1. Within the range 112-119, can one find any residue that is within 17 Å of GLY29 (Cα to Cα), modelled with pLDDT under 95 and under 9 Å from the mean Cα position of the chain (by Cα)?
2. Of the residues GLU125, GLU115, GLU110, which is in contact with an Asp or Glu (Cβ under 8 Å, 6 or more places away or on another chain) and either touching a residue at least 40 places away in the same chain (Cβ under 8 Å) or polar (S, T, N, Q) (or both)?
3. In the range 1-36, what count of residues is obtained for those that are surrounded by 14 or more Cβ atoms within 10 Å (Cβ to Cβ), modelled with pLDDT under 85 and not small (Gly, Ala, Ser)?
4. Listed residues GLU125, GLU138; which is closer than 22 Å to LYS63 by Cβ and at pLDDT 90 or above?
5. With ARG159, ARG100 as the choices, which residue is modelled with pLDDT of 90 or more and more than 16 Å from THR56 (Cα to Cα)?
6. Just a yes or no: is a residue in the range 40-49 touching a Leu at 6+ places or on another chain (Cβ under 6 Å), surrounded by 16 or more Cβ atoms within 10 Å (Cβ to Cβ) and either farther than 21 Å from SER101 by Cα or modelled with pLDDT of 85 or more (or both)?
7. So which of LYS73, LYS94, LYS63 ends up being surrounded by fewer than 12 Cβ atoms within 10 Å (Cβ to Cβ), basic (Lys, Arg) and touching a residue at least 12 places away in the same chain (Cβ under 8 Å)?
Amino acid sequence: MSIMPDEHSEKLVLPDKNTVRLHGIVARGVIRGHDLIERFADRLEGLLGFRPYPGTLNVKIEKPINIEDFETKRVEHILLDGTLWIDARLAPVKFIFKDRSIDAWAIEDERGLHEADVLEIIYKERLMDMLGIKMGDEVMIELTKRPRTLKSRLKGAFRPLWPKATRVVR
C-alpha cells in the first residue's frame, strides 16, 4: 500500500499524532478576561511578541483537556523562598472559524476560574469583531502536545496521588 499521492488524487495530508483537534462553541465567560490580560499585559507582550487584546474569547470544547500537556510558555516568577509560582499557562492554538485560520494562544489562569472544558483564547485583536463571530458559533481549535521530558512524565505519574492544591487568593 502506498501513501504517496498520484497525479489523479488530492494531496495527502497526514495529521500529526500529537495534534488534537477539538470542536467547540463560543460561550459567554465570567467577564474577567479583561482583568486577566491587563494584569499580565507587559509580561504577555514579552513572551508572545505582541500585546493581546484586553479580553479573552471563551470556547466550550467537546471534552476537557489539561493545558499543561500543551503549554509552551508560562507567566511565572520565583518567590523569596525559591519556589516557582505559576500565574498562568499558555499554549499555542490554531483557531479555525469557517474558512479562516488564526494562530492564537490559549491562556489558563492558575486560579482555575473555568472548568477544564473551557478554553480562553487570546490574540492581538478582538477575534469576535475580526472574524464576525457570535455567541453560540461553532469553532475548531487545534493544539499540539509539547514534547514530554522525563520530569514531566514522572510528575504525570504522581498526579493522581497528589491532587492539584487550590490557592487562596487574597
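1. Looking through the range 112-119, at least one residue is within 17 Å of GLY29 (Cα to Cα), modelled with pLDDT under 95 and under 9 Å from the mean Cα position of the chain (by Cα).
2. On the way: GLU125 fails: in contact with an Asp or Glu (Cβ under 8 Å, 6 or more places away or on another chain); GLU115 fails: in contact with an Asp or Glu (Cβ under 8 Å, 6 or more places away or on another chain).
Going through GLU125, GLU115, GLU110 in turn, the sole match is GLU110.
3. 2
4. Step by step, each of GLU125, GLU138 is checked, and only GLU138 is closer than 22 Å to LYS63 by Cβ and at pLDDT 90 or above.
5. ARG100
6. no
7. The unique qualifying residue is LYS63.
The values are calculated or read from the model by the stated rules, or taken from the named source; none is laboratory data. Just so it is clear, the model here is predicted, and its values are computed rather than measured. Neighbour counts are summed over all protein chains in view; Cβ atoms, including those assigned to glycine, are modelled from backbone coordinates with ideal geometry.
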